[in-house]
């Protein structure tokens, strides 16, 4: 494993564990947290980030960082489009 990928993989794992622990404490919270996956515009924004990072850098090693940034962008994009949720 490339040393530069350890940090984003650990952050992604921490987000998954946090979601799981919150779901155990408050059932249904994971669905609310990850609802942006059902929003086509938010998914398009989330997919555009990793694609752009791989195309700009020319390296697949930045894909994990792109996926992490894409998830954040998708979540923020969805919240900006539907603040009532």
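The values are calculated or read from the model by the stated rules, or taken from the named source; none is laboratory data. Everything quoted here is computed from the prediction, not taken from an experiment. Don't worry about glycine lacking a Cβ; one is built from the backbone with ideal geometry, like all the others, and counts go over all protein chains shown.
The one condition from (1) farther than 21 Å from residue 14 by Cα; (2) exposed (fewer than 12 other Cβ atoms within 10 Å of the Cβ) that residue 32 does not meet is (1).
Can you confirm whether segment 57-74 contains a residue that is under 11 Å from the mean Cα position of the chain (by Cα) and exposed (fewer than 15 other Cβ atoms within 10 Å of the Cβ)? The answer is yes; a qualifying residue exists.
On the basis of being within 24 Å of residue 61 (Cβ to Cβ), surrounded by 14 or more Cβ atoms within 10 Å (Cβ to Cβ) and either in contact (Cβ under 8 Å) with a residue 12 or more places away in the chain or touching a helix residue (DSSP H, G or I) at 6+ places or on another chain (Cβ under 9 Å) (or both), does residue 7 make the cut? The answer is no for residue 7.
Matching residues to (1) assigned to a helix (DSSP H, G or I); (2) closer than 17 Å to residue 67 by Cα; (3) modelled with pLDDT of 90 or more; (4) in contact with a strand residue (DSSP E or B) (Cβ under 7 Å, 6 or more places away or on another chain):
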{"position": "6", "(1), (2), (3), (4)": "yes, yes, no, no"}
{"position": "9", "(1), (2), (3), (4)": "yes, yes, no, no"}
{"position": "14", "(1), (2), (3), (4)": "yes, yes, yes, no"}
{"position": "18", "(1), (2), (3), (4)": "yes, no, yes, no"}
{"position": "27", "(1), (2), (3), (4)": "no, no, yes, no"}
{"position": "32", "(1), (2), (3), (4)": "yes, no, no, no"}
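Scanning segment 39-52 for residues that are touching a helix residue (DSSP H, G or I) at 6+ places or on another chain (Cβ under 7 Å) and either surrounded by fewer than 19 Cβ atoms within 10 Å (Cβ to Cβ) or more than 16 Å from residue 4 (Cβ to Cβ) (or both) yields 39, 41, 42, 43, 45, 46, 47, 49.
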